[in-house]
Amino acid sequence: MIKEPPFDIYAEPVYDINRIKKTLPHRPPFLLVDKILEISENHIVGMKNVTMNEPFFMGHFPDEPIMPGVLQIEAMAQTGGVFVLHGISDPEKYSTYFLRINNVRFRSKVTPGDTLIFSLELAAPIKRGICDMRGKVFVGNKLVMQGDLIAQIVKNK
């Protein structure tokens, strides 16, 4: 059985929203990770509180709000972006661009009130700026989405 990664939701985050904004170029309403709970050289755990105030719920779907799957992938990718940039000096001088997303499986709906927990780990060592990650997304102990991401680290112009 796949289980949610252990973490303390009340612990001081490794990255709060302000530090995430210094690392990633995304801004609301497209900044889709709220905090980083754990980070090491080969894994990261991030979190997103999904609220009814998310702009996408106005159209997806008004009578049964569901977070679009593509935005779940994007939120996981943003968590992966923090992970990749955490390991380099001067991360604000770099960006990550996703090259490929494979083996994505949606297992359950994500609705307002859910707290998404993103757990990503390196599938292979980073070589020449290419990063291969495996990710899982949980709500509580329930696996709601999983997939493989490949990203490239690029120096900003």
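The values are calculated or read from the model by the stated rules, or taken from the named source; none is laboratory data. Given the structure is predicted, the values throughout are model-derived calculations rather than measurements. For neighbour counting, all protein chains shown are included, and Cβ atoms are generated from backbone atoms with ideal geometry for every residue, glycine included.
May I ask you to say which residue of MET76, MET47 is surrounded by 15 or more Cβ atoms within 10 Å (Cβ to Cβ) and part of a strand (DSSP E or B)?
Details: MET76 fails: part of a strand (DSSP E or B).
Exactly one of MET76, MET47 is surrounded by 15 or more Cβ atoms within 10 Å (Cβ to Cβ) and part of a strand (DSSP E or B), namely MET47.
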### Message
Can you report the number of residues in segment 107-142 which are in a strand (DSSP E or B), surrounded by fewer than 17 Cβ atoms within 10 Å (Cβ to Cβ) and among the hydrophobic types (A, V, I, L, M, F, W, C)?
### Response
1
### Task
Determine, yes or no, whether VAL82 is surrounded by 14 or more Cβ atoms within 10 Å (Cβ to Cβ), in contact (Cβ under 8 Å) with a residue 40 or more places away in the chain, touching an Asp or Glu at 6+ places or on another chain (Cβ under 7 Å) and under 15 Å from LEU31 (Cα atoms).
no
### Summary
Across (1) aliphatic (A, V, I, L, M); (2) modelled with pLDDT of 95 or more; (3) assigned to a loop (DSSP other than H, G, I, E, B), ILE150 clears everything bar (3)
### Query
Do any residues in segment 85-106 that are farther than 17 Å from ARG134 by Cα have Cβ atoms under 6 Å from those of residues that are basic (Lys, Arg) and in a strand (DSSP E or B), where the two are at least six apart or on different chains, and which pairs are they?
TYR94/LYS155
### Query
Listed residues VAL154, VAL104; which is surrounded by fewer than 19 Cβ atoms within 10 Å (Cβ to Cβ), in contact with a Ser or Thr (Cβ under 9 Å, 6 or more places away or on another chain) and not basic (Lys, Arg)?
VAL154
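When you scan segment 79-100, how many residues do you find that are touching a strand residue (DSSP E or B) at 6+ places or on another chain (Cβ under 7 Å) and either part of a helix (DSSP H, G or I) or among the charged types (D, E, K, R) (or both)? Full working, then the answer.
Just the residues of segment 79-100 that are touching a strand residue (DSSP E or B) at 6+ places or on another chain (Cβ under 7 Å), to begin with: 79-86, 88, 93-100.
Next, from what is left, pick out any that are either part of a helix (DSSP H, G or I) or among the charged types (D, E, K, R) (or both): 79-86, 93, 100.
Number of matching residues: 10.
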